[in-house]
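None of the figures in this text is laboratory data; all of them are computed from the coordinates on show. On a predicted model such as this, the values are computed, not experimentally measured, just so you know. Glycine also receives a Cβ, built like all others from the backbone with ideal geometry; neighbour counts cover every protein chain displayed.
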């Protein structure tokens, strides 16, 4: 559903007026779709892109709009959401650094994209990106790999939502966060044991198909059993990863 413009929405002209992308300094260049390109081609693509800061709560793309932009996430976390027939929001995905946003070769956006925390993205006009991808099959191949990775994650998420208990869902979610939020460029260090949750408890409940009360009870139970600590409103420390994995059914 197309959403009305507001002061939270990023203006399209200002979105493309950011500073020129510096590919050599990009912290996700070896993990994003651009990793498929040779340095020369990467710089050619970089000339089409602009770095844009997306403040927490700002919407980059509205569901149902013309698909004018695609983007690489450089830092931060953004949610993908859609509207139900009665106007409620349903979060259908979360994107992290090195993930790709948008629908190349498509005409309409199928979901809204909103920053959960202050984020930075490298934006490309969709038409220019489509032309570049058509001329560089290696980029199209990487887009296909990204799409298949997303499909695999979606299938795992279907299992989580359809078969796992509330405690397994919450434990699985925390483990997923610890992996996806690992510091960019330091993936060899493994998942994080201390991090800030990018979603509040209501949003976690929406993602997992639970109530906020159930999410709060499960987090309190994990804390009481010494599996995690919750030192702040969104801060989370994993104290016993093996037990958390066991609780997740992994």
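A straight line joining the Cα centroids of the stretch 217-246 and the stretch 128-150 runs 39 Å. Taken over the C-alpha atoms, the stretch 11-159 has Rg and Dmax values of 14.8, 49 angstrom. By the count of other C-beta atoms within 10 Å, a proxy for reagent exposure, 66, 86 are ordered fewest to most as 86, 66.
A Gaussian network model of the chain, with springs between Cα atoms under 10 Å, assigns the largest mean-square fluctuation among 63, 150, 168 to 150. Give the angle, between 0 and 90 degrees and rounded to the nearest 10, that separates the Cα long axis of helix 137-163 from the longest principal axis of the Cα atoms of the chain. Once rounded, the angle reads 20 degrees. What translational diffusion coefficient, to the nearest whole µm²/s, does the chain have by Stokes-Einstein, given a Kirkwood radius computed over alpha-carbon pairs, a temperature of 10 °C and 1.306 mPa s viscosity? The Stokes-Einstein estimate is 83 µm²/s.
Length, then width, then depth: along the principal axes, the Cα atoms of the stretch 147-250 run 38, 32, 24 Å.
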